[in-house]
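The values are calculated or read from the model by the stated rules, or taken from the named source; none is laboratory data. Keep in mind that this is a model prediction, so the values were computed, not measured. With ideal geometry, Cβ positions are generated from the backbone for all residues, glycine too; neighbour counts draw on all protein chains shown. Surface areas here come from the heavy atoms of the whole protein model, side chains and all, with no ligands, DNA or RNA. Shrake-Rupley method; radii C 1.70, N 1.55, O 1.52, S 1.80 Å.
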There are 2 protein chains.
Amino acid sequence: MARVTIQHVAQAAGVSPSTVSNFLNDRQGRMVAATRTRIETAISELGYRPNRAARQLRNGKTQTVGLVVPSVGNPFWGAFAHEVEVAALALGCSVLLCNSERDPERERRYVEELWEDGVRSIILCTSLPSLDHVSNVIAEGLRLVTFDRPAQPNDPESVVSISIDNNVGGQVATAHLLELGHTSIAFVSGSIRSVNRSARYRGYCDAIEAAGLSVADMPQWTGMDAAHFGDVEAAEVGRAAARDLFADPKNAPTAVVAINDMTALGFCRGLRDLGLKVGRDVSVIGFDDIILADLYDPPLTSVRQPITRMAQLAVSEAVERGSNESTDPGSSVLLRPELVVRESTEHVPSTPRP
Amino acid sequence: MARVTIQHVAQAAGVSPSTVSNFLNDRQGRMVAATRTRIETAISELGYRPNRAARQLRNGKTQTVGLVVPSVGNPFWGAFAHEVEVAALALGCSVLLCNSERDPERERRYVEELWEDGVRSIILCTSLPSLDHVSNVIAEGLRLVTFDRPAQPNDPESVVSISIDNNVGGQVATAHLLELGHTSIAFVSGSIRSVNRSARYRGYCDAIEAAGLSVADMPQWTGMDAAHFGDVEAAEVGRAAARDLFADPKNAPTAVVAINDMTALGFCRGLRDLGLKVGRDVSVIGFDDIILADLYDPPLTSVRQPITRMAQLAVSEAVERGSNESTDPGSSVLLRPELVVRESTEHVPSTPRP
DNA sequence: TGAAATCGGTGTAACGATGCACTGACCATA
DNA sequence: TATGGTCAGTGCATCGTTACACCGATTTCA
């Protein structure tokens with residue numbers, strides 16, 4: 001079955017290939033209505049679809065959006081990737097998915113490979129404070145949208161960032177626990193050496209201080225000084241945190257803010273290992289509001305990220321940059337996170353634990 | 001920054017582009033060692049990378065593997081997609097991910113588009129008993145590997161299938177519950193009009209009958225006659241099942257086999273809505289052993305699919321078909337599922353529920 | 001009226017890699 | 001010394017699309 005090419009269409013419509021090409025790339029004004037319709041019918045009758053490879057070879061670009069996430073194995077990123085595909089499809093683009101495993105070197109390599117393969121728009125879900133590792137590609141003209149990482153002072157001008165306001169999120173989460181009467185609140189996370197995570201942590205600190213308490217007095221877990229982020233094994237991080245925090249009774253909090261839901265669920269699992277009950281004994285709040293938060297027992301209180309909206313924004317910024325409605329380059333879109341209260345957070349237990 | 005092309009390499013190595021091309025596609029014997037090394041050093045010094053688009057335009061194929069899953073938003077498929085990417089990377093291929101939403105029409109469209117874009121290997125995670133909707137593309141030479149769908153009598157010859165033995169899985173799950181003394185075991189699923197799901201159901205039936213019981217006597221949930229599979233809202237399916245089954249005390253089982261873990265978790269959530277306790281009041285067993293099964297409270301007993309191994313197999317079948325070690329075309333690889341016993345399944349309660 | 005501008009459309013040379021058909025040089029055999 | 005065969009490497013047309021330069025016909029306007 002031979003391919004239908006632009007020549008066949010041209011022949012069927014009685015025009016030259018150039019004219020069909022003009023039509024396809026709607027170069028303005030250059031065509032009388034009758035010709036246009038002849039081409040249209042020819043295309044649909046022959047079932048013509050332009051050949052991507054040829055197009056790309058000719059103009060050096062693709063209609064593809066690159067999406068680099070830490071790992072689709074993580075339910076949050078899986079859900080986000082899904083939303084991105086839906087949004088891209090609506091704009092007629094396809095998505096090329098890459099898992100960086102949060103490795104800067106892999107991030108760099110993927111971004112470079114995508115660029116060399118003609119991808120001109122990338123949504124990068126990175127944790128790194130600096131974009132130096134991809135700045136050369138940005139300088140060459142890549143449209144980069146970072147997700148889950150607000151703009152930083154040193155970022156190249158053209159970068160747009162889509163994120164929730166993590167500081168506010170951290171504050172909201174912590175304030176919720178404070179309102180429930182908790183005064184011993186731990187923060188649990190893998191490495192917080194990323195823009196979004198440190199913002200969440202600062203929000204936590206801000207809320208603690210605003211309540212007249214001192215962060216130094218809170219139970220501390222040292223895991224967040226570690227180097228690795230633990231996206232794949234986020235749950236393990238949480239589980240370890242529970243073990244460590246409760247090993248020393250002095251260190252035991254009555255409530256915990258976890259860096260994300262997977263870590264929160266792992267923490268809950270850890271509590272269970274210790275015979276403690278989530279909610280009644282220890283309040284736990286997560287981030288993201290992944291689908292499992294609501295399924296968990298008890299259902300997990302979480303700070304929701306509006307991923308559908310964020311995916312739409314990210315895709316449209318990546319694809320349609322330069323059109324009227326677009327955001328100014330270099331700007332940061334900070335969406336407001338939403339606290340979803342469920343049953344993993346309760347009033348501070350009136351009687352101290354044995 | 002102009003691209004480095006094969007011409008530059010040729011010039012640097014003092015040979016013709018053809019020779020470099022010969023080298024790249026290692027056409028045998030045609031080259032003296034000195035030439036080979038000159039080309040090698042030229043390539044590495046210039047940092048040459050062949051242009052995909054040009055290659056694809058020229059020979060009509062890509063090095064890309066297509067992966068069509070119901071939805072990466074579902075943690076099981078997210079985890080599988082991740083494993084596929086890892087396996088493909090090891091073989092030097094990239095992965096193009098598509099979400100079919102279990103819509104046969106979308107499946108067909110994606111497969112066709114991938115084919116037209118030069119993708120010659122596709123891993124299709126489909127639920128459909130028939131492959132008619134993609135048979136024309138298979139006839140043209142597509143290497144299709146189906147996942148989670150054993151081979152069917154009418155399948156085109158060239159198709160290879162990778163799957164667990166779902167019948168055995170269904171039997172193992174059910175037998176486990178029977179051993180725990182349960183005699184009132186319900187099967188909970190969205191539509192079972194798919195090869196794998198109906199096999200699981202048959203396994204369930206086989207085990208029931210083998211124990212001298214009758215499937216007809218078991219509590220029945222009608223949701224599985226529905227048309228939709230509910231991958232996205234698998235949990236909702238489970239939750240609804242719990243509500244329905246326990247609405248009528250006569251219909252209430254003491255144990256449940258769920259079609260997958262997400263449905264199982266939804267079912268557990270539904271039990272919780274009703275004030276029932278998983279394990280103590282009702283035993284629940286799922287399928288897949290997603291990461292969340294172990295995190296849940298109580299940790300979920302599940303029939304594990306070895307997705308890492310399966311992903312490797314699927315990728316190597318898709319990419320390397322025709323090499324020595326490859327499976328015979330038309331064959332089905334049925335891996336043995338593994339029962340992972342946790343705490344959501346317990347002995348049948350000695351005292352009847354109030 | 002004639003020069004210029006506009007309109008609708010076409011010819012052609014790329015983009016980068018590939019593989020067939022070919023060439024010259026060298027060797028072996030008769 | 002013919003004849004033929006092998007070896008190492010090359011020339012060239014080609015994949016499908018695009019954009020620029022161009023062209024002839026018609027319109028505009030001084």
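The table below gives the values:
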| item | result |
| --- | --- |
| Interchain or long-range residues, amide H under 5 Å from B:L339's placed H | B:R304 |
| Cα-based Lys proximity count in the protein assembly as shown, under 24 Å, for pairs eight or more positions apart or on separate chains | 4 |
| Of all accessible heavy-atom area on the protein assembly as shown, the percent that carbon and sulfur account for (1.4 Å) | 51 percent |
| Rotationally averaged projected area of the range B:131-246 (alpha carbon convex hull; nm²) | 8.4 nm² |
| Among beta bridges that DSSP assigns inside the protein assembly as shown, antiparallel share in %, nearest 5 | 10 percent |
| Förster-model FRET efficiency, 30 Å R0, B:A216 and B:R336, C-beta, rounded to 0.05 | 0.50 |
| Accessible area per residue, Å², the range A:166-305 with all protein chains present, probe 1.4 Å | 32 Å² |
| Model label zone, B:D248; criterion: amide N under 20 Å from point 7 Å along Cα-to-beta-carbon; scope the range B:199-220 | B:214-220 |
| Förster radius 22 Å - calculated FRET efficiency between A:T41 and B:E116, Cβ distance, rounded to 0.05 | 0.55 |
| Binned Cα-Cα distance frequencies in the range A:99-167 - 10 Å width, integer % | 22, 59, 19, 1 |
| Alpha-carbon Debye profile of the range A:1-132, log10 I(q)/I(0) at 0.12, 0.20 Å⁻¹ | -0.63, -1.09 |
| Overall form of the range B:24-76 per C-alpha gyration tensor (a/c, 1.5; a/b vs b/c) | prolate |
| Principal axes of the range A:222-304: Cα extent on each, largest first, Å | 33, 33, 18 |
| Angstrom value of the Kirkwood radius, inverse mean 1/r, which spans all Cα pairs in the range A:6-50 | 10.1 Å |
| Cα convex hull of the range A:166-305 - mean projected area over all directions, nm² | 7.3 nm² |
| Over the range B:166-305, relative contact order from alpha-carbon pairs under 8 Å, at least 6 apart, % | 25 percent |
| Compactness of the protein assembly as shown as Cα Rg over 2.2 N^0.38 Å, two decimals | 1.05 |
| Dimensions (Å) - chain B, Cα atoms, principal axes, largest first | 89, 39, 33 |
| Chain B: DSSP helices with Cα axial extent of at least 30 Å and average Kyte-Doolittle hydropathy no lower than 1.6 | none |
| List of the range A:296-310 residues, accessible area with partners at least 20 Å² below that of the chain alone (1.4 Å probe) | A:Y296, A:D297, A:P299 |
| Heavy atoms of B:T308 accessible to a 1.4 Å probe, total area in Å² rounded to 10 | 60 Å² |
| Per residue value of the accessible surface for the range B:6-48 (all protein chains in place, 1.4 Å probe), Å² | 64 Å² |
| Reduction of at least 30 Å² in accessible surface, 1.4 Å probe, comparing all protein chains with the chain by itself, residues of the range A:62-90 | A:V72, A:G73, A:P75, A:H82, A:E85, A:L89 |
| For the pair A and B, total buried accessible area rounded to nearest 100 Å², probe 1.4 Å | 4300 Å² |
